[in-house]
Amino acid sequence: MTTGAPRTCLINGHIVTVDPDDTDFAPGYLLIEGSRIVALGPMADYRHADDVDELDCTGKFIFPGLVNTHTHSFQTLIRGVGEGLPVWEWFSQALDAVVGNLTVDDAERSAQVSALEAIRSGTTCILDYNYPHPRPGMADAAIRGFRSVGIRMILARGIIDCGDVHSTIINDTDAELEDCQRLINWHHKSDDDTVRVWVAPYTIFSTSRTAFSRAVHLARAHGTGITIHAATPSTLEAAHELFGSTDIAYEKELGALGSNMLLVHCTHLSPVDITTIAESEACVSHNPASNAYLGEGTTPVIDLMSRGIVVGLGTDGPASNNNQDMIAVMKLTALLQKLVHQDPGVISARTVLRMATMGGATCLGWSDEIGSLEVGKRADLIIVNPWLPNTVTFGDPVASLVYSATQENVETVVVNGRFIMKDRLFAELDVADILACAQLEGTALRNRSGLA
Ligand SMILES: [Zn+2]
């Protein structure tokens, strides 16, 4: 029985499913009907059908699409701004100079470039922590930008209503929460559920207690998620000044921690904080490149996972990375843990891949639909070509992806059953034109902001 939707079958590839049993099919087949995976298994079980388009993946690897749990798309227009500055100066000299000057067109363009970069580096789902709102319509424009490429996304609407940081984008509390509500009403689960809307108190020093509390209730009322930068050197310092406690303790006391909460960074956690997170079932987004770039330490990934805390991976914004490449983030995740623990066996490539796929999907409350290749799930996947000088010779496909591959190995990307990039080409987009426009618009933004 078929639905009449187009059917495409990937055949002869090495399929790494990341299902609960870590099943591989080598070689295997994977049948897509409409937006979903309707069958997969070993090639020995495959039967050709005349109404199915077949794509031969001989010699290729097929993985679930990577899930980027944290970025700030607008920063594509200011990659690398403020390099080398300590974090408070980075906020004030680099980001503060820019955020108030962003236009609605900037929001759309930067999201479009972010989506292109994500797809080219194997990411099929991305959370945009979308916090600069100097004028109305910025979030809607970002959604338009992402959707013009076709990536699955969460727009996490940032909330900034107090504090000294980012003074040009502090808005009235009611206006911030009303816009969150409007965005949920308009966009949440839209476009065949490829777009979701979350709420995102920026930090404990930029979001008032009232706004934070209202955001928690709004997320619960709509069954959606909430995310905040947490347990970083700056949030911890501010929390001790403001509340005499850690920010995790404050968030617990506020009633903000639960399974729909995604805590970003968590490089500075006390043992009590770790217990609090574990008991609350909140998840953690680990952003190793950004943590290293800003000299903020690294997340105790192994400790967190040993306590049952789900850890996903993120790039953070390209002003502190300075790209949004999840393949690079996977490698860095593995290397940093080996380095910190001085133990090469402390984390495996399979564990890192699981963090970047199912871990991310769980962090985003989306693991029932994405994160692994299983019958009934959405067809979000990547086809990786290992026949390049940086990956030949290869053995285990997972180790090849995590340690040897670069984004050049990502050949084809499918989101929601749609071939967004095929053989590294975007059929419906003029990528060169988009990048040329972005370069001009980024230069104009830096000029307007006095950063040129
Ligand atoms: Zn961030």
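The order of the peptides 284-290, 335-341, 430-436 by mean Cβ neighbours within 10 Å, most packed first, is 284-290, 335-341, 430-436.
Each 10 Å bin from zero holds the following percent of Cα-Cα pairs in the chain: 4, 22, 33, 26, 12, 3, 0. For residue 377, the lysines whose Cα comes closer than 28 Å to its Cα, not counting residues fewer than 8 places off in the same chain, are 60, 189, 331, 422.
In percent, rounded to a whole number, the relative contact order of the chain is 20, using alpha-carbon pairs under 8 Å and six or more apart. A simple count of charges around residue 337, restricted to other residues whose Cβ falls under 15 Å of its Cβ and scoring Lys, Arg +1 and Asp, Glu -1, yields +2. Over the chain, dividing the summed -39,500 (n - 2.57) contributions of all DSSP H runs of at least 4 residues by the number of residues returns a 222 nm mean residue ellipticity of -9500 deg cm²/dmol.
The distance linking region 306-321 with region 204-263 is 17 Å (Cα centroid to Cα centroid, whole angstrom).
The charge dipole of the chain, taken about the Cα centre with unit charges on the Cβ atoms of Lys, Arg (+1) and Asp, Glu (-1), comes to about 140 debye, rounded to the nearest 20. Computed 3J(HN,Hα) for region 247-258, one whole-Hz value per residue from the Karplus formula 6.51 cos²θ - 1.76 cosθ + 1.60 where θ = phi - 60°, is 5, 5, 4, 4, 5, 5, 4, 6, x, 8, 8, x, glycine and proline marked x. Averaging the sequence gap over all C-alpha pairs within less than 8 Å and six or more residues apart, then dividing by the number of residues, gives region 114-175 a relative contact order of 37 percent.
When both region 135-165 and region 330-385 are represented by their alpha-carbon centers, they are found 25 Å apart.
Only the coordinates and a few stated rules stand behind these numbers; no lab work does. Just so it is clear, the model here is predicted, and its values are computed rather than measured. FYI the Cβ positions are ideal-geometry reconstructions off the backbone, even for glycines, and counts take in every protein chain you see.
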